[in-house]
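To start, the structure under review is shown below, and the notes come after it.
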């Protein structure tokens with residue numbers, strides 16, 4: 001009711017006093033009270049006209065840092081509002097409209113504003129913090145300002161600027177490093193091919209240094225550069241890893257296909273997927289992220305590019321489950337030929353899925369299977385599927401599940 005009532009406490013009091021003065025002046029025949037009542041009503045009327053005629057407008061620049069906050073992460077929202085008002089305004093209140101995916105207190109005191117008829121007003125800078133609560137995209141704003149006329153009798157409410165779209169990314173959990181042994185890690189992270197005597201494609205020439213063998217002299221480069229050059233083998237490496245995210249609707253609840261944040265198990269799986277990508281990229285792998293049907297879910301992320309890994313996570317803000325394909329695969333058919341690490345994130349598994357996983361066990365020494373479901377916790381997935389596998393409950397500890405899946409078998413037994 002208070003928000004709809006156009007008068008402030010002072011304005012309400014002025015109207016009440018005017019009515020009382022008019023009633024008493026009529027009953028007691030006091031002309032002075034009559035003049036006073038009419039003056040008060042005229043003052044309120046002038047204030048109302050000024051509020052209508054002198055409507056304020058403005059522009060706003062809203063920035064969110066970081067641009068794509070994670071679920072559970074904090075972000076700062078900075079606003080720079082520049083008002084345009086023909087009449088000065090008294091101090092008031094401001095509030096920014098927050099979507100369902102963000103939580104925070106987006107309101108505060110708004111300073112007085114001078115008239116901008118002759119000169120532009122200084123920008124008003126505001127700030128507040130929000131926390132990501134639901135993965136997805138939503139709009140923040142518009143900014144709402146509530147102030148009063150110069151007499152403080154009439155409330156003036158107006159919007160400033162437009163809304164800003166904000167992306168809430170899935171949470172990236174810090175996972176443990178991969179096993180230190182190249183064999184345990186899947187072979188290609190530290191693999192190299194030193195191809196001696198295989199031609200010049202894999203060789204580079206460098207200047208001769210004392211102690212170099214004369215048999216390594218690169219005669220062609222020596223003749224070309226007119227200085228003694230020797231052969232040096234160029235180490236070839238092709239670190240590659242693949243993360244498979246199974247979005248088949250049969251693995252999740254129907255809510256997973258409706259909108260982000262509806263299925264807790266699916267949200268845990270999305271967070272696990274981007275966390276694994278971030279870990280592999282940090283380890284130096286170039287990571288491909290694909291669906292279980294072989295469809296690409298994002299551009300490959302180069303090794304060491306942590307910022308690109310976070311950008312990929314932001315692109316997963318609107319990711320949803322899809323209808324099943326006729327093949328209903330858990331992993332693509334090409335997974336069996338992959339030498340680098342292969343990580344599969346999926347949901348509920350049926351008996352036929354377990355048999356297919358065992359038949360499709362890839363050649364990689366690091367083939368990890370993470371299942372996110374309530375009913376898989378008691379299964380010994382590692383022995384059934386032949387993968388480095390573990391079950392993860394919806395909303396469970398992703399870091400612990402990763403550690404359990406990647407640790408060597410003897411460490412699991414010993415633990």
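Readers should treat all values here as calculations from the given coordinates under stated rules, not as data from a laboratory. The shown structure was predicted, so the numbers you read here are calculated from the model rather than taken from an experiment. Cβ coordinates were reconstructed from backbone atoms using ideal geometry, including for glycine residues, and neighbour counts include every protein chain displayed.
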Given a 10 angstrom Cα cut-off, can you work out which residue in 149, 306, 246 is the most mobile in a GNM of the chain? 149
For the stretch 301-364, what does the alpha-carbon gyration tensor say about shape, rounded, prolate or oblate, given a ≥ b ≥ c as the root eigenvalues, a/c under 1.5 as rounded, and a/b over b/c as prolate? oblate
Counting alpha carbon pairs within less than 8 Å and at least 6 residues apart, what relative contact order, in whole percent, applies to the stretch 55-149? 36
Ranking 5, 252 by Cβ neighbours within 10 Å, fewest first, what do you get? 5, 252
For the chain, with a Gaussian network of springs between Cα atoms less than 10 Å apart, report the residue from 57, 213, 275 with the top mean-square fluctuation. 213
Per residue of the chain, what 222 nm ellipticity follows from adding -39500 (n - 2.57) for every DSSP H run with n ≥ 4, rounded to the nearest 500? -8000 deg cm²/dmol
Angle between the Cα long axis of helix 9-28 and the longest principal axis of the chain, 0 to 90 degrees, nearest 10? 20
Antiparallel versus total DSSP beta bridges in the chain: what percent is that, nearest 5? 70
With no solvent and one point on each alpha carbon, what is the Debye value of log10 I(q)/I(0) for the stretch 9-53 at q = 0.29 Å⁻¹? -0.93
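Viscosity 1.306 mPa s, temperature 10 °C: Stokes-Einstein D of the stretch 95-152 from its Kirkwood Cα radius, in µm² per second?
Working: Rh = 13.8 Å.
Calculated translational D: 115 µm²/s.
How big is the antiparallel share of DSSP beta bridges in the stretch 240-414, given as a percent to the nearest 5?
Values: 2 of 23 bridges.
Looking only at bridges with both residues in the stretch 240-414, the antiparallel portion is about 10 percent.
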Using alpha-carbon coordinates, inclination of helix 264-282 to the longest axis of the chain, degrees: 60
Considering the Cα trace of the stretch 240-414, what is its radius of gyration and what is Dmax, both in angstroms? 14.8, 44
Here FRET efficiency (C-beta to C-beta, residue 227 to residue 384, R₀ 45 Å, nearest 0.05) is 0.10
How much length is gained on full extension from residue 57 to residue 119, taking 0.36 nm per residue of separation minus their Cα-Cα distance? 20.8 nm
Could you work out the relative contact order of the stretch 69-115? I mean the mean sequence separation of Cα pairs under 8 Å and 6+ apart, divided by the number of residues, in percent. 42
Roughly what angle does helix 31-53 make with the longest principal axis of the chain, taking Cα atoms, 0 to 90 degrees, to the nearest 10? 30
Would you mind computing, in nm to one decimal, how far apart the modelled labels at residue 209 and residue 43 are, each placed 7 Å from Cα along Cα→Cβ? 9.1
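Taking only C-alpha pairs under 8 Å that are 6+ residues apart, what is the relative contact order of the chain in percent? Intermediate results must be reported in sequence, preceding the final value.
Numbers: 912 pairs, mean separation 52.5, N = 415.
Relative contact order for the chain comes out at 13 percent.
Stretch residue 351-residue 90 to full length: gain in nm at 0.36 nm per residue minus the Cα-Cα span? Intermediate values should be presented prior to the final figure.
On the way: separation 261, 0.36 × 261 = 93.96 nm, distance 7.03 nm.
Result for the pair: 86.9 nm of gain on full extension.
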Given the options 312, 33, 126, which has the most mean-square fluctuation in a GNM of the chain, springs set between C-alpha atoms less than 10 angstrom apart? 33
To make sure I understand, if each residue's beta carbon is the centre and we count other beta carbons within 10 Å, what order do 146, 133 fall in, fewest to most? 146, 133
With no solvent term and unit scatterers on the alpha-carbon positions of the chain, Debye gives log₁₀ I(q)/I(0) at q = 0.09, 0.10 Å⁻¹ of -0.74, -0.81
Evaluated at 37 °C with a viscosity of 0.692 mPa s, what Stokes-Einstein diffusion coefficient in µm²/s does the stretch 57-168 have when Rh comes from the Kirkwood expression over alpha-carbon pairs? 225
